[in-house]
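Accompanying notes for the structure given below.
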Amino acid sequence: MRLLDRTGEIADAWALVEGEEPAPDTPAILPLARLDEALRLAAERPGEIGIHLPNDADPHVLTPHFAALAIVSVDFPSFADGRGFSIAKCLRLLGYGGRLRARGPVIADQFAYLLECGFDEVWLPTSVAQRQPVESWLAQLGKVSLAYQRGGTAAGPARASILEQRRTAGAQGTWP
């Protein structure tokens, strides 16, 4: 497994708790089904508890609990399933300012888009990490300069969409 952010590979201090296994005494990410337990632990251990959202979950359920959650991990069961992108964007628009992690077999070509939607980091299974070195991921960051959707995340300023850029250029007389 490998954890990446926009600077490269980073250390992972978070344990993903699965099923009914007990939460460790270290920073932990619990399944959404254990939200009540996670909130209780977060009150006891501020900054050390997070939630893992399946990609079919409604992100609005976390809205009242944003302040308690240090991290939200969003499941990507496949690189072809884009629901995690929408969840991330929704969480950021709702005001979640904590760490946001994409977890699953996404691919390097999606890295800039993951960051654009609001993810801070990407957790990769070993199978993907072996096929795509860190350099492949970082090389993707400079390749996307225009977007059809308005960008901007907690990590960067808003940028105009292609349509907004065309309108501005037209109003200034610089569009052909």
Carbon and sulfur: what percent of the chain's accessible surface (1.4 Å probe)?
55 percent
Would you please state which residues of the range 38-82 a label at residue 20 would reach in this model, taking the label point 7 Å out along Cα→Cβ and a backbone N cut-off of under 17 Å?
38
What is the Å³ per residue value for the convex hull set by the Cα atoms of the chain?
129 Å³
Taking a crude spin-label model, label points 7 Å out from Cα along the C-beta direction, the residue 12 to residue 78 distance in nm is 2.2 nm
When ligands, DNA and RNA are left out and all protein chains stay put, how many square angstrom of accessible area per residue does the chain have with a 1.4 Å probe?
52 Å²
What Kirkwood Rh does the range 72-134 have if only Cα atoms enter the pairwise 1/r average? Answer in Å.
11.7 Å
What helix-only [θ] at 222 nm does the chain give? Using -39500 (n - 2.57) per DSSP H run of at least 4, over all residues, to the nearest 500, the answer is -8000 deg cm²/dmol
Filtering the chain for DSSP H helices with an axial alpha carbon extent of at least 30 Å and a Kyte-Doolittle mean of at least 1.0 returns none
Picking from 35, 10, 86, whose Cα lies most toward the positive end of the charge dipole for the chain (charges on Cβ: Lys, Arg +1; Asp, Glu -1)?
86
For the residue pair residue 45 and residue 169, what label-to-label distance in nm results when each label sits 7 Å from Cα along the Cα-to-beta-carbon direction?
5.2 nm
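The values are calculated or read from the model by the stated rules, or taken from the named source; none is laboratory data. From a predicted model like this one, the values you see are computed outputs, not experimental measurements. Methodologically, a virtual Cβ is constructed for each residue, glycine included, from the backbone with ideal geometry; neighbour enumeration extends over all protein chains shown. Keep in mind that these areas ignore ligands, DNA and RNA; they rest on the heavy atoms of the full protein, side chains included. Shrake-Rupley method; radii C 1.70, N 1.55, O 1.52, S 1.80 Å.
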